[in-house]
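The values are calculated or read from the model by the stated rules, or taken from the named source; none is laboratory data. This is a predicted model, so every value here is computed, not measured. Using ideal geometry, Cβ is built from the backbone for each residue, glycine included, and neighbour counts are taken over all protein chains shown. For accessibility, only protein heavy atoms count, side chains too; no ligands or nucleic acids. Shrake-Rupley method; radii C 1.70, N 1.55, O 1.52, S 1.80 Å.
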Amino acid sequence: DLRMSRGLGDVYKRQHFHLYSGNAETVCERLDKGLLDFAVVVQNVDLSKYACLDLPFTDTWGLIMRKDSPMVSKKSIALEELIGLPLIVSKQGATNDMPEWLQKNYDRLHIVATYNLIFNASILVREGLGYALGFDKLLYTGAGSILCFRPIVPAMTSPMRLIWRKEQRFSKAAELFLNEIKSICEST
(Lines give C-alpha, C1' and ligand atoms only; values in the text may rest on other atoms or scores of the structure.)
Protein backbone atom coordinates (compact mmCIF):
# COMPACT_ATOMS: atom_id res chain seq x y z
CA ASP A 1 0.00 0.00 0.00
CA LEU A 2 1.87 3.07 -1.28
CA ARG A 3 -0.27 5.53 0.63
CA MET A 4 0.42 3.96 4.02
CA SER A 5 4.08 3.20 3.45
CA ARG A 6 4.99 6.69 2.31
CA GLY A 7 2.43 8.82 4.16
CA LEU A 8 0.77 9.99 0.95
CA GLY A 9 -2.40 10.64 2.92
CA ASP A 10 -0.58 13.42 4.77
CA VAL A 11 0.95 14.83 1.59
CA TYR A 12 -2.37 14.93 -0.26
CA LYS A 13 -4.82 15.82 2.52
CA ARG A 14 -6.46 18.53 0.39
CA GLN A 15 -6.27 16.65 -2.91
CA HIS A 16 -9.10 14.61 -4.33
CA PHE A 17 -8.51 11.80 -6.77
CA HIS A 18 -11.00 10.59 -9.33
CA LEU A 19 -10.39 6.99 -10.38
CA TYR A 20 -11.65 5.59 -13.65
CA SER A 21 -11.58 1.86 -14.39
CA GLY A 22 -11.37 0.50 -17.88
CA ASN A 23 -9.27 -1.61 -20.18
CA ALA A 24 -6.15 -0.18 -21.82
CA GLU A 25 -8.09 0.85 -24.93
CA THR A 26 -10.61 2.97 -23.03
CA VAL A 27 -8.13 4.57 -20.65
CA CYS A 28 -5.80 5.46 -23.53
CA GLU A 29 -8.76 7.04 -25.36
CA ARG A 30 -9.48 9.15 -22.29
CA LEU A 31 -5.79 10.09 -21.99
CA ASP A 32 -5.74 11.14 -25.64
CA LYS A 33 -8.79 13.37 -25.12
CA GLY A 34 -7.25 14.98 -22.03
CA LEU A 35 -9.90 13.48 -19.74
CA LEU A 36 -7.29 11.67 -17.62
CA ASP A 37 -3.88 12.79 -16.42
CA PHE A 38 -2.46 9.29 -15.91
CA ALA A 39 -3.27 5.67 -16.54
CA VAL A 40 -1.91 2.52 -14.99
CA VAL A 41 -1.74 -0.19 -17.63
CA VAL A 42 -0.68 -3.80 -17.51
CA GLN A 43 -1.11 -4.51 -21.19
CA ASN A 44 1.37 -3.59 -23.85
CA VAL A 45 0.36 -0.25 -25.34
CA ASP A 46 1.93 1.73 -28.14
CA LEU A 47 4.19 4.09 -26.20
CA SER A 48 5.00 6.33 -29.18
CA LYS A 49 2.66 9.05 -27.90
CA TYR A 50 3.00 8.39 -24.17
CA ALA A 51 5.63 8.97 -21.55
CA CYS A 52 5.89 6.07 -19.18
CA LEU A 53 7.18 5.05 -15.79
CA ASP A 54 7.71 1.38 -15.09
CA LEU A 55 6.16 0.62 -11.72
CA PRO A 56 7.90 -1.82 -9.38
CA PHE A 57 4.96 -4.23 -9.52
CA THR A 58 3.74 -7.02 -11.74
CA ASP A 59 0.39 -8.69 -11.96
CA THR A 60 -0.04 -12.46 -12.08
CA TRP A 61 -2.32 -14.22 -14.54
CA GLY A 62 -4.63 -16.92 -13.28
CA LEU A 63 -8.06 -18.43 -13.23
CA ILE A 64 -10.94 -17.07 -11.18
CA MET A 65 -13.39 -19.80 -10.30
CA ARG A 66 -16.16 -20.70 -7.89
CA LYS A 67 -14.99 -22.34 -4.67
CA ASP A 68 -17.16 -25.35 -5.54
CA SER A 69 -15.36 -25.86 -8.88
CA PRO A 70 -13.78 -29.27 -9.54
CA MET A 71 -10.46 -27.42 -10.07
CA VAL A 72 -10.48 -25.67 -6.68
CA SER A 73 -8.32 -28.39 -5.07
CA LYS A 74 -5.41 -27.42 -7.33
CA LYS A 75 -2.91 -24.87 -6.01
CA SER A 76 -2.17 -23.77 -9.58
CA ILE A 77 -3.45 -24.41 -13.10
CA ALA A 78 -1.20 -25.71 -15.87
CA LEU A 79 -1.61 -23.96 -19.21
CA GLU A 80 -2.72 -27.14 -20.95
CA GLU A 81 -5.58 -27.47 -18.43
CA LEU A 82 -7.15 -24.31 -19.87
CA ILE A 83 -7.93 -26.12 -23.11
CA GLY A 84 -11.53 -27.26 -23.04
CA LEU A 85 -12.58 -25.14 -20.05
CA PRO A 86 -15.37 -22.61 -20.61
CA LEU A 87 -13.28 -19.42 -20.42
CA ILE A 88 -14.30 -15.82 -19.91
CA VAL A 89 -11.53 -13.54 -21.17
CA SER A 90 -10.87 -9.84 -21.54
CA LYS A 91 -12.35 -8.53 -24.78
CA GLN A 92 -9.15 -6.63 -25.42
CA GLY A 93 -7.01 -9.55 -24.34
CA ALA A 94 -8.88 -11.89 -26.65
CA THR A 95 -7.24 -10.17 -29.60
CA ASN A 96 -3.80 -8.97 -28.59
CA ASP A 97 -2.95 -8.73 -24.90
CA MET A 98 -2.97 -12.31 -23.74
CA PRO A 99 0.36 -13.85 -22.85
CA GLU A 100 2.11 -15.44 -25.81
CA TRP A 101 1.11 -19.04 -25.05
CA LEU A 102 -2.55 -18.08 -24.93
CA GLN A 103 -2.31 -16.20 -28.22
CA LYS A 104 -0.64 -19.20 -29.89
CA ASN A 105 -3.32 -21.56 -28.55
CA TYR A 106 -6.29 -19.22 -28.94
CA ASP A 107 -8.01 -21.48 -31.47
CA ARG A 108 -7.84 -24.38 -29.00
CA LEU A 109 -9.49 -22.40 -26.19
CA HIS A 110 -13.23 -22.60 -25.49
CA ILE A 111 -14.12 -18.92 -24.97
CA VAL A 112 -17.73 -18.56 -23.87
CA ALA A 113 -17.73 -14.82 -23.08
CA THR A 114 -15.59 -11.71 -23.03
CA TYR A 115 -15.51 -8.82 -20.56
CA ASN A 116 -14.20 -5.28 -20.37
CA LEU A 117 -13.91 -5.18 -16.54
CA ILE A 118 -13.12 -8.19 -14.37
CA PHE A 119 -16.05 -7.40 -12.06
CA ASN A 120 -18.40 -8.14 -14.96
CA ALA A 121 -16.65 -11.45 -15.52
CA SER A 122 -16.96 -12.29 -11.83
CA ILE A 123 -20.75 -12.16 -12.10
CA LEU A 124 -20.65 -14.72 -14.90
CA VAL A 125 -18.29 -16.92 -12.87
CA ARG A 126 -20.55 -16.67 -9.80
CA GLU A 127 -23.48 -17.78 -11.96
CA GLY A 128 -21.52 -20.83 -13.14
CA LEU A 129 -20.97 -19.79 -16.77
CA GLY A 130 -17.24 -20.57 -16.71
CA TYR A 131 -13.80 -19.57 -15.49
CA ALA A 132 -12.45 -16.06 -15.84
CA LEU A 133 -8.91 -15.59 -17.01
CA GLY A 134 -7.51 -12.51 -15.35
CA PHE A 135 -5.17 -10.95 -12.84
CA ASP A 136 -4.77 -11.71 -9.16
CA LYS A 137 -6.06 -9.31 -6.50
CA LEU A 138 -8.56 -7.48 -8.71
CA LEU A 139 -11.45 -9.28 -7.04
CA TYR A 140 -12.04 -10.20 -3.44
CA THR A 141 -11.58 -13.97 -3.17
CA GLY A 142 -11.10 -14.33 0.58
CA ALA A 143 -13.33 -15.68 3.33
CA GLY A 144 -16.98 -15.16 2.57
CA SER A 145 -16.46 -14.97 -1.19
CA ILE A 146 -17.81 -17.65 -3.49
CA LEU A 147 -14.77 -17.04 -5.76
CA CYS A 148 -11.12 -18.05 -5.58
CA PHE A 149 -8.00 -17.42 -7.68
CA ARG A 150 -5.48 -19.98 -8.87
CA PRO A 151 -2.28 -18.86 -10.63
CA ILE A 152 -1.32 -20.28 -13.99
CA VAL A 153 1.92 -22.28 -14.20
CA PRO A 154 4.44 -21.70 -15.49
CA ALA A 155 3.87 -18.29 -13.93
CA MET A 156 2.70 -15.58 -16.32
CA THR A 157 3.08 -12.02 -15.18
CA SER A 158 2.53 -8.63 -16.77
CA PRO A 159 4.44 -5.46 -15.88
CA MET A 160 2.62 -2.37 -14.65
CA ARG A 161 3.27 1.06 -16.11
CA LEU A 162 2.09 4.56 -15.37
CA ILE A 163 1.57 6.40 -18.66
CA TRP A 164 0.63 9.95 -19.65
CA ARG A 165 0.60 11.97 -22.87
CA LYS A 166 4.08 13.16 -23.86
CA GLU A 167 2.89 16.73 -24.42
CA GLN A 168 0.83 16.72 -21.21
CA ARG A 169 0.80 19.98 -19.24
CA PHE A 170 0.13 19.01 -15.66
CA SER A 171 -1.72 20.85 -12.95
CA LYS A 172 0.35 21.47 -9.83
CA ALA A 173 -1.43 18.58 -8.09
CA ALA A 174 -0.75 16.16 -10.97
CA GLU A 175 2.90 17.25 -11.09
CA LEU A 176 3.27 16.64 -7.34
CA PHE A 177 1.62 13.25 -7.71
CA LEU A 178 3.96 12.22 -10.54
CA ASN A 179 7.03 13.36 -8.62
CA GLU A 180 5.94 11.39 -5.56
CA ILE A 181 5.33 8.24 -7.63
CA LYS A 182 8.76 8.64 -9.26
CA SER A 183 10.32 8.99 -5.81
CA ILE A 184 8.56 5.83 -4.61
CA CYS A 185 9.72 3.90 -7.70
CA GLU A 186 13.32 5.02 -7.23
CA SER A 187 13.34 3.92 -3.59
CA THR A 188 12.06 0.38 -4.27
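Over the residues of the chain, the helix contribution to mean residue ellipticity at 222 nm works out to -7000 deg cm²/dmol, using -39500 (n - 2.57) for each DSSP H run of at least 4.
Over the chain, accessible surface divided per residue gives 59 Å², non-protein components excluded, 1.4 Å probe.
Among the protein heavy atoms of the chain, carbon and sulfur supply 52% of the accessible surface, probe 1.4 Å, non-protein parts ignored. Largest GNM mean-square fluctuation across VAL40, VAL153, VAL89, computed for the chain with C-alpha springs under 10 Å, falls on VAL153. Out of ALA174, ALA121, ALA132, any idea which swings most in a Gaussian network model of the chain, alpha carbons joined below 10 Å? Result: ALA174 has the largest fluctuation of those listed. Toward the positive end of the charge dipole of the chain, with +1 on the Cβ of Lys and Arg and -1 on the Cβ of Asp and Glu, the farthest Cα among ALA121, ILE152, LEU35 is that of LEU35. Measuring between alpha carbons in the structure, the pairs from LYS137/LYS172; LYS74/LYS137; LYS49/LYS91; LYS33/LYS182; LYS137/LYS166; LYS75/LYS137 lying more than 26 angstrom apart are LYS137/LYS172; LYS137/LYS166. Between the C-alpha center of the stretch 109-140 and that of the stretch 36-96 there is a gap of 10 Å.
Using a probe of 1.4 Å on the protein chains alone, the accessible area found for HIS110 is around 90 Å². Considering only SER171, SER158, SER76, the mean-square fluctuation computed in a Gaussian network model of the chain, springs between alpha carbons under 10 angstrom, is largest for SER171.
Computed over protein heavy atoms with a 1.4 angstrom probe, the accessible surface ordering of GLU80, GLU127, GLU180, largest first, is GLU127, GLU80, GLU180. What number comes out for the charge environment of LEU117, summing +1 per Lys or Arg and -1 per Asp or Glu over other residues with Cβ under 13 Å away? That works out to 0. Accessible surface for VAL42 stands near 20 Å², nearest 10, in the context of the full protein assembly shown (1.4 Å probe).
Other residues with beta-carbon under 14 Å from the beta-carbon of SER76 carry, at +1 per Lys or Arg and -1 per Asp or Glu, a net charge of 0.
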